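Presented below is the structure to which this report refers.
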Amino acid sequence: MSTHKTVLGHLPALPEEHRQSLPIAVVGIAAVAVAARFVAALAVNAPGAPSTVAVESLGWIATAIPALAAVVAGVFARRPTVGVGLLFVGVFGLLSLVSGAAAAPAAVAVVAGTVAVVVAARDRLSTGERAAGAVLLTALTVGLASGVGGFVGLRSVGSTLTLAGMGLSLVFTATDGRALIGGGLAFGAVVAVGLSVPFVTGAVTLVGGGVVGTPLPVVALAAAGTVSTASAAGRTRNWPLLAGVVLLALAGVPATVARAVPFALGIATLVSLEGSR
């Protein structure tokens, strides 16, 4: 905590509105980077796909930018514990890009940092939000254990928990009728496509999100929850909430540090970033 206070003490004096808007802006940029990686991953696996070089570059960028966003949000966080947690996520996320040997320490740091953020923000959360946060934290932990930790048998469990957490994201906003209708349509569309062309559905979820062994209804629930939340956030101009949902939905199953960093930033955004709730 003292380190966090020292960093803040050396920051230039900024207007209050800038101290609030800068973290929101960088998290939004991180969400765009993750969305670009998701789209590119689908594109290169389509018939007549372009070179994978662009996707590899976007993969690096889609980890680096969320990590930098976590650092910026951590530096400007109002609560020291939230700030330290975000700095853990961001700094170790960047270290993982420099050396593969940092993957295991980074995985531990990302989980620990995200836990610190959620615990520090618990007094702001409703019972439903705490439950959703717990599911998302468990998904992050199990996902990294299955990938970085080598417990491959947990991969399908991590995938299912991740998508269930996405579906529960709607508890972080007051959804209206239009948002719920949109979510219902998304649920129906995923079920219809999954039943008619299961191979395509499986390929899209695997390539885009690293999803393995998750039942179709859970995939549909994830789509419904994220569409409802994103719809409500967009209409109310709640940009932090929208960015957080995009990060969760498009980061994919956090079985690698590259996916875990934006996923962790998405969790932190939902529970702690000013303006997201």
Checking V245, V119, V89 against a Gaussian network model of the chain (alpha-carbon springs below 10 Å), the top fluctuating residue turns out to be V119
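Averaged over every viewing direction, what's the projected area of the C-alpha convex hull for segment 41-163? Give it in nm², one decimal, please. Please report the intermediate quantities before stating the final value.
Values: hull surface 36.2 nm².
With the hull built on Cα positions only, its mean projection is 9.0 nm².
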Radius, Kirkwood style, for segment 112-249 when every pair of distinct Cα atoms is counted (Å)
15.5 Å
Among 136-142, 187-193, 99-105, how do they line up from the highest to the lowest mean number of other beta-carbon atoms within 10 Å?
136-142, 187-193, 99-105
I'd like the orientation of helix 198-209 relative to the chain: the angle between its Cα long axis and the longest Cα principal axis, in ° from 0 to 90, rounded to 10.
10 degrees
On a 0 to 90 degree scale, rounded to 10, what angle separates helix 155-167 from the longest Cα axis of the chain?
80 degrees
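Of all the Cα-Cα pairs you can form in the chain, what percent are over 28 Å apart? If you can, show how the numbers build up before the last one.
Details: 11585 of 38226 pairs.
Result for the distance tail: 30 percent.
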Expected output is a single nm value to one decimal: the length gained when fully extending between S99 and L180, i.e. 0.36 nm times separation in residues minus the C-alpha distance. What is it?
24.8 nm
In terms of the Cα gyration tensor, with a ≥ b ≥ c the square roots of its eigenvalues, is segment 201-277 rounded because a/c is under 1.5, prolate because a/b exceeds b/c, or oblate?
oblate
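Between W60 and V193, what FRET efficiency comes out of the Förster formula 1/(1 + (r/R0)^6) with R0 = 30 Å and r the beta carbon distance, rounded to 0.05?
Working: r = 31 Å, r/R0 = 1.04.
Plugging the Cβ-Cβ distance into 1/(1 + (r/R0)^6) gives 0.45.
Hey, can you find the accessible area per residue of the chain for me, probe 1.4 Å, expressed in square angstrom? Intermediate results must be reported in sequence, preceding the final value.
Numbers: 12000 Å² over 277 residues.
Counting only protein heavy atoms, the per-residue value for the chain is 43 Å².
Given the peptides 254-266, 22-34, arrange them by the average over their residues of other C-beta atoms within 10 Å, most packed first.
Values: 254-266: 29.9, 22-34: 22.0.
Ranked from most to least packed, the peptides come out as 254-266, 22-34.
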Per-q log10 I(q)/I(0), segment 73-112, q = 0.20, 0.29, 0.32, 0.33 Å⁻¹ (Debye; single scatterer per alpha-carbon; no solvent)
-0.53, -0.85, -0.95, -0.98
Whole-Hz Karplus couplings 3J(HN,Hα) for segment 119-132, θ = phi - 60° and coefficients 6.51, -1.76, 1.60, Gly and Pro as x, run 5, 5, 9, 4, 6, 8, 9, 6, 4, x, 5, 4, 5, 5
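The values are calculated or read from the model by the stated rules, or taken from the named source; none is laboratory data. Keep in mind it's a predicted model, so treat the numbers as computed, not measured. Reconstructed Cβ throughout: ideal geometry from the backbone, glycine too, with neighbour counts over all protein chains shown. These accessible areas exclude ligands, DNA and RNA; they are computed on the full protein's heavy atoms, side chains included. Shrake-Rupley method; radii C 1.70, N 1.55, O 1.52, S 1.80 Å.
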